[in-house]
Amino acid sequence: MKTLYFADQALHILDQTKLPSEETYIVTSEYRDVCRAIKILAVRGAPAIGVAAAYAVYLASVEYAGQTEYRKKIKEAAEEIRATRPTAVNLSWAVDKALSLLDGLNDEEIPQELLALADDILEEDMAMNQRIGEYGCTLFNKPQKMLTHCNAGALATAGYGTALGVVRSAHKKGLLSMVYADETRPLLQGSRLTVYELMSDDIPVTLITDNMAAYHMAKGLVDCIVVGADRIVANGDTANKIGTYNLAILAKYHRIPFYVAAPYSTFDLSLSEGTQIEIEQRDPDEVRMVQGMLVSPEHATVSNPAFDVTPAGLITAIITDRGIIQPVNEEMIRKLVHES
Ligand code: MRU
């Protein structure tokens, strides 16, 4: 089952809002539908929304082909696509890559080149995740009990996953004994997606609620924590799904290694520290409700940040497609990500 793919002039997006009960695809040739799919989290996870964004820019270029102010219209659509979710940098990264192509092309060439770019981003993402998995395994010398948060798996990428890429490679090499998956309130990406994805691949997984992580660490049931990232800035501060920061603090107290797994496209070296990252605030009903059922007073005041920032000092290592960053600091990051 693929997270997203392009065929018959349409983008096919596995609708993750329906998982695990239904496996259905949104099939569309309209960039506005792709924007909606990103906003409602039908497609989610930093690398996957980067891929979806690249195809969305292509779809806009097809829609406006032959019209006056062609490039202006593509650029406006690109900004609409960029604005769908603010925290994951892969989205802006993909949009910028698409826009930077326009200057060197004449109008007739634009659609085919944008499509080729989107295909490349998708293929490159898959290959990078496999490398992340390989590098991740060099950190382990015995089978690990790993804890993960949210879903940084095949469903969050073009395939294989970042944090779950490490899980998958470790499983293949006999270096995994158990994955503890946080359920990840409010939208349950852990229970709905990670558990579903790992069970589908016969990888041992145990579901826990978010507030059970400390218990399992104190019991010695967690050897390491592996999570994905939405944006890693120059000093190593890392934005990821809300609740990641809690885990990093717990890991430090329990002296458990805390690993972040991400491709180079998740690094944003234009920001110097995590306080500069824009954190997406989402609909209060996501907190008031679970799967459409009200679990609080109807008008309860809610705060719903979708991400938090883990300071670099709490991160043992960042596992990238270009190698391991350890210790996590600006010099190491620039050396590995920027200059290679
Ligand atoms: O809101 P989501 O589901 O898009 O959040 C996803 C995460 O926080 C992931 O951990 C992150 O994007 C990395 S995915 C490889």
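Among the residues of segment 71-98, write down those that are assigned to a helix (DSSP H, G or I) and open to solvent by less than 10 Å² (accessible area, probe 1.4 Å).
At the first step, the residues of segment 71-98 found to be assigned to a helix (DSSP H, G or I) are 71-82, 89-98.
Scanning segment 71-98 gives ILE74, ALA77, ALA78, ILE81, ASN90, LEU91, ALA94, VAL95, ALA98.
Given the condition more than 16 Å from the ligand (Cβ to nearest atom), open to solvent by 10 Å² or more (accessible area, probe 1.4 Å) and in contact (Cβ under 8 Å) with a residue 40 or more places away in the chain, answer yes or no: does some residue in segment 14-24 qualify? Before you say what the answer is, go through the steps one by one.
Filtering segment 14-24 down to residues more than 16 Å from the ligand (Cβ to nearest atom) leaves 21-24.
From what is left, the residues that are open to solvent by 10 Å² or more (accessible area, probe 1.4 Å) are 21-24.
Among the residues that remain, those that are also in contact (Cβ under 8 Å) with a residue 40 or more places away in the chain are: none.
The answer is no, given that none of the residues of segment 14-24 is more than 16 Å from the ligand (Cβ to nearest atom), open to solvent by 10 Å² or more (accessible area, probe 1.4 Å) and in contact (Cβ under 8 Å) with a residue 40 or more places away in the chain.
If we only count strands (runs of 3 or more DSSP E) wholly inside segment 1-48, which ones have 2 or more residues that are within 26 Å of TYR264 (Cα to Cα) and touching a helix residue (DSSP H, G or I) at 6+ places or on another chain (Cβ under 9 Å)?
Result: 4-7, 10-14.
Inside segment 279-295, can you point out the residues that are within 15 Å of PRO311 (Cα to Cα) and surrounded by fewer than 14 Cβ atoms within 10 Å (Cβ to Cβ)?
Of everything in segment 279-295, nothing turns out to be within 15 Å of PRO311 (Cα to Cα) and surrounded by fewer than 14 Cβ atoms within 10 Å (Cβ to Cβ).
Only one of GLN67, GLN112 is assigned to a loop (DSSP other than H, G, I, E, B) and surrounded by fewer than 19 Cβ atoms within 10 Å (Cβ to Cβ). Can you tell me which?
Within the list GLN67, GLN112, the selection yields GLN67.
In segment 201-239, which residue that is charged (D, E, K, R) and either at pLDDT below 95 or surrounded by 21 or more Cβ atoms within 10 Å (Cβ to Cβ) (or both) is farthest from the ligand (Cβ to nearest atom)?
Of segment 201-239, the ones charged (D, E, K, R) are 201-202, 210, 219, 223, 230-231, 237.
Filter once more, keeping what is either at pLDDT below 95 or surrounded by 21 or more Cβ atoms within 10 Å (Cβ to Cβ) (or both): 230-231, 237.
On the way: ASP230: 5, ARG231: 9, ASP237: 15 Å.
This residue is ASP237.
Of ASP107, ASP125, ASP119, which residue is modelled with pLDDT of 95 or more, of a type in the set (Asp, Glu) and surrounded by 17 or more Cβ atoms within 10 Å (Cβ to Cβ)?
Numbers: ASP107 fails: surrounded by 17 or more Cβ atoms within 10 Å (Cβ to Cβ); ASP119 fails: surrounded by 17 or more Cβ atoms within 10 Å (Cβ to Cβ).
It is ASP125.
Take the conditions touching a His at 6+ places or on another chain (Cβ under 6 Å) and not β-branched (Val, Ile, Thr) and apply them to TYR31. Does it pass?
Details: touching a His at 6+ places or on another chain (Cβ under 6 Å): no; not β-branched (Val, Ile, Thr): yes.
Taking the combined requirement at face value, the residue does not satisfy it.
Within the set of pairs 6 or more residues apart or between chains, which connect a residue that is within 11 Å of the ligand (Cβ to nearest atom) inside segment 160-173 to a residue that is of a type in the set (Asp, Glu) with Cβ atoms less than 8 Å apart?
GLY161/GLU197; LEU164/GLU197
Report, by residue number, each residue of segment 273-315 that is aliphatic (A, V, I, L, M), over 20 Å from LEU193 (Cβ atoms) and touching a residue at least 40 places away in the same chain (Cβ under 8 Å).
If the condition is that a residue be aliphatic (A, V, I, L, M), over 20 Å from LEU193 (Cβ atoms) and touching a residue at least 40 places away in the same chain (Cβ under 8 Å), then ILE277, ILE279, VAL309, ALA312, LEU314, ILE315 are the ones that fit.
Within segment 317-329, which residues are among the charged types (D, E, K, R) and touching a Leu at 6+ places or on another chain (Cβ under 9 Å)? Can you show your working first?
Narrowing segment 317-329 to residues among the charged types (D, E, K, R): 321-322.
Hit for segment 317-329 is ARG322, nothing else.
The values are calculated or read from the model by the stated rules, or taken from the named source; none is laboratory data. A quick note: this is a predicted structure, and the numbers were derived from the prediction, not measured. Note that we place each Cβ from the backbone using ideal geometry, even for glycine, and neighbour counts take in every protein chain shown. The accessibility values were calculated without ligands, DNA or RNA, using every heavy atom of the protein model including side chains. Shrake-Rupley method; radii C 1.70, N 1.55, O 1.52, S 1.80 Å.
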